[in-house]
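Asker: Take a look at the following structure, please.
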Amino acid sequence: MELGIVLMGALVGLLVGLTGVGGAALLTPLLVFLGIQPTVAVATDLFYNAVTKLFGSIQHVRQKTVNMTLVKHMAWGSIPSAIVAVLLLKFVPSLHAYQDTIIKHALGFVLVIVALLSIIKVWFIPSEPTALQDKPLHEKRALSIMIGVLLGFVVGLTSIGSGSLFALAMMFFYRLKAAELVGTDIVHAFLLVSAAGLLHAGFGNIHYMLAINLLIGSVPGVLLGSSLSAKVPAKPLRTVMAIIILISGIKLM
């Protein structure tokens, strides 16, 4: 057990529990800044996310707060797209030679997008449903698959967005109750990061001891953060977190 890594996992878990900001948007850049190879950082984060989201998925399925139709439609696009992203970096020579540089700059770009969208989500998303949100799911199947294709590629490349970007897409384009949005997002994210993580595992990119140390810290961190979240003003804290993510993204670009 490495105490510093455990404490870092605890800090990330605490912030995730307090703010709901995606763990990958915090953890992956931290690992890169600590000198972890970007490919290994992404792969390890995917494995870490798969484990944490497994428990959340089980709970939400039990609570029946998952829209399985939307999960299925998005997964049709996201899982193949994430796999394509991983395979391109592995087997296309011109990309493989520079995969760490590509991943590092892609991380920076995605972090900036996530930060800006997080601020929009907190301060500017209207509460009234739009006409598009009110359309039934079967009429938005193509839209759901396309969202999956675009964002799944990003997740496969950077490990970031399986929760945050898809949650924002669900808020913009679908009418879901709060608990259903969270449950649908978590179950879909579990399927997506598991598929990409398994591929990375096959290529030997995952640092398992690093992931285990992070999990040892993050599980109690998330529990503590969740219990404190009701006592901390959400909007200012999420805004500060978004600004931190924005700065991290700019430094990586």
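Asker: Within region 69-76, identify whether any single residue is buried (at least 16 other Cβ atoms within 10 Å of the Cβ), without any contact (Cβ under 8 Å) to a residue 60 or more places away in the chain, farther than 27 Å from residue 216 by Cβ and not basic (Lys, Arg), and answer yes or no.
Answerer: No, the conditions are met nowhere in region 69-76.
Asker: Next question. What are the pairs, 6+ residues apart or on separate chains, where a residue within region 34-45 that is in contact (Cβ under 8 Å) with a residue 40 or more places away in the chain has its Cβ under 8 Å from a residue that is part of a helix (DSSP H, G or I) and of a type in the set (Lys, Arg)?
Answerer: Hits for this filter: 38/104.
Asker: Right, next: Please find, within region 226-253, the residue that is nearest to residue 121 (Cα to Cα) out of those that are modelled with pLDDT of 75 or more and of a type in the set (Ser, Thr, Tyr).
Answerer: 239
Asker: I've got another one for you. Just one of 150, 192 is surrounded by fewer than 18 Cβ atoms within 10 Å (Cβ to Cβ) and either modelled with pLDDT of 90 or more or of a type in the set (Phe, Trp, Tyr) (or both); which is it?
Answerer: Numbers: 192 fails: surrounded by fewer than 18 Cβ atoms within 10 Å (Cβ to Cβ).
None of the other options fit; the residue is 150.
Asker: Determine, yes or no, whether residue 44 is part of a helix (DSSP H, G or I) and β-branched (Val, Ile, Thr).
Answerer: Numbers: part of a helix (DSSP H, G or I): yes; β-branched (Val, Ile, Thr): yes.
Criteria met by residue 44.
Asker: Among the residues of region 126-146, are any surrounded by fewer than 16 Cβ atoms within 10 Å (Cβ to Cβ), closer than 19 Å to residue 165 by Cβ and under 16 Å from the mean Cα position of the chain (by Cα)?
Answerer: No: region 126-146 contains no residue that is surrounded by fewer than 16 Cβ atoms within 10 Å (Cβ to Cβ), closer than 19 Å to residue 165 by Cβ and under 16 Å from the mean Cα position of the chain (by Cα).
Asker: If you don't mind, another one. Of all residues in region 1-40, which are over 24 Å from residue 238 (Cα atoms) and either assigned to a helix (DSSP H, G or I) or among the charged types (D, E, K, R) (or both)?
Answerer: 2, 3, 4, 38, 39, 40
Asker: In region 169-179, is there at least one residue being in a helix (DSSP H, G or I), in contact with a Ser or Thr (Cβ under 9 Å, 6 or more places away or on another chain) and buried (at least 22 other Cβ atoms within 10 Å of the Cβ)?
Answerer: Yes, there is a match, as at least one residue in region 169-179 is in a helix (DSSP H, G or I), in contact with a Ser or Thr (Cβ under 9 Å, 6 or more places away or on another chain) and buried (at least 22 other Cβ atoms within 10 Å of the Cβ).
Asker: Could you pull out every one of the helices (runs of 4 or more DSSP H) wholly within region 66-158 that has 2 or more residues that are over 26 Å from residue 187 (Cβ atoms)? Spell out the reasoning first.
Answerer: Details: elements: 68-91, 93-96, 99-123, 131-134, 141-158.
Hits in region 66-158: 68-91, 93-96, 99-123.
Asker: Check 156, 108 and return the single one that is touching a residue at least 60 places away in the same chain (Cβ under 8 Å) and either surrounded by 20 or more Cβ atoms within 10 Å (Cβ to Cβ) or within 22 Å of residue 51 (Cα to Cα) (or both). Working first, answer last.
Answerer: Working: 108 fails: either surrounded by 20 or more Cβ atoms within 10 Å (Cβ to Cβ) or within 22 Å of residue 51 (Cα to Cα) (or both).
After ruling out the rest, the residue left standing is 156.
Asker: If you don't mind, another one. Scan region 39-57 and tell me whether some residue there is surrounded by fewer than 19 Cβ atoms within 10 Å (Cβ to Cβ), more than 29 Å from residue 8 (Cα to Cα) and either of a type in the set (Gly, Ala, Ser) or within 21 Å of the chain's Cα centre (by Cα) (or both).
Answerer: No - not one qualifying residue is present in region 39-57.
The values are calculated or read from the model by the stated rules, or taken from the named source; none is laboratory data. All figures in this text were calculated on a predicted structure; none of them were measured in a lab. Reconstructed Cβ throughout: ideal geometry from the backbone, glycine too, with neighbour counts over all protein chains shown.
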